[in-house]
Amino acid sequence: MGDLNTDLAELRGSVASQVPAEIAEVLKADHATFVGMVAETAAKPGTAMPDLTLPDAGGGRVPVKDGPAVVVFYRGAWCPYCNLALRTYQQEVLPELESLGVKLIAVSPQLPDDSLSTKDLEFTVLSDVDNELGRALGITFRLAPETKPAFDTLIGDVEKINGAAEWELPYPTVLVVDREGVIRFIDVHPDYTTRTDPADILAAVKAL
């Protein structure tokens, strides 16, 4: 079993070595804007999860308030840090959650057809179209316009992938929701190259 923080650090080095220098400078400046920011608008433990339903890859609607559940917000399937974290959670968190009767749900603003394939993940993947849920939780932000060309060069048009008119993304975030639909744990990461440690997620679930 690997260590997520170590794997993320190795990925940071790998990504840095592959990104053209001029693009790296733009992304570095944008990245620095969010590192260290306190998500003051983010929902706090003890508040209710918004009563919303989101589409899954098969076109069904899934209520996000129905707990107990761990809800993981990620930026999109184009984000290597997100993919690494989700696959780590599948290996290290999902088995214990299943034994405890707790659901694992991943949420991103990507349209259902462009979200992570259910054949790759063994838990529910939902599309937060137009960032409705993320905005309600206070965990979204708009990227600087000057950053868009760099992103387009690396991954394609984020607006098209997400089907949104505005270039808005969620901070990588993990929430633990209890049986009554109340948020008991929330961990927001303005630095998109970091993620919530699996041990912290399991500790929050066991504290329910």
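Quick notes on this one:
- Virtual spin-label span in nm between Val182 and Leu208, 7 Å along Cα→Cβ: 1.4 nm
- Count Lys and Arg as plus one, Asp and Glu as minus one, and take only other residues whose Cβ is under 14 Å from that of Asp66; the net charge is then 0.
- In a fully extended conformation the segment linking Glu40 and Asp200 would gain 55.5 nm over its present Cα-Cα distance, using 0.36 nm per residue.
- Stretchable slack from Asp120 to Gln91, in nm (0.36 nm times residue separation minus alpha-carbon distance): 9.2 nm
- Nearest-0.05 FRET efficiency for Asp66 and Asp130, computed from C-beta distance (R0 25 Å): 0.70
- Nonlocal amide H pairs with Leu126, under 5 Å, H built at 1.01 Å: Ala106, Val107, Ser108
- Computed from backbone phi with θ = phi - 60° and the Karplus coefficients 6.51, -1.76 and 1.60, the 3J(HN,Hα) list for the range 135-141 is 5, 5, 8, x, 10, 10, 8 Hz; x is used for glycine and proline.
Each reported figure results from applying straightforward, stated rules to the coordinates on display, with no laboratory input. Keep in mind that this is a model prediction, so the values were computed, not measured. For neighbour counting, all protein chains shown are included, and Cβ atoms are generated from backbone atoms with ideal geometry for every residue, glycine included.
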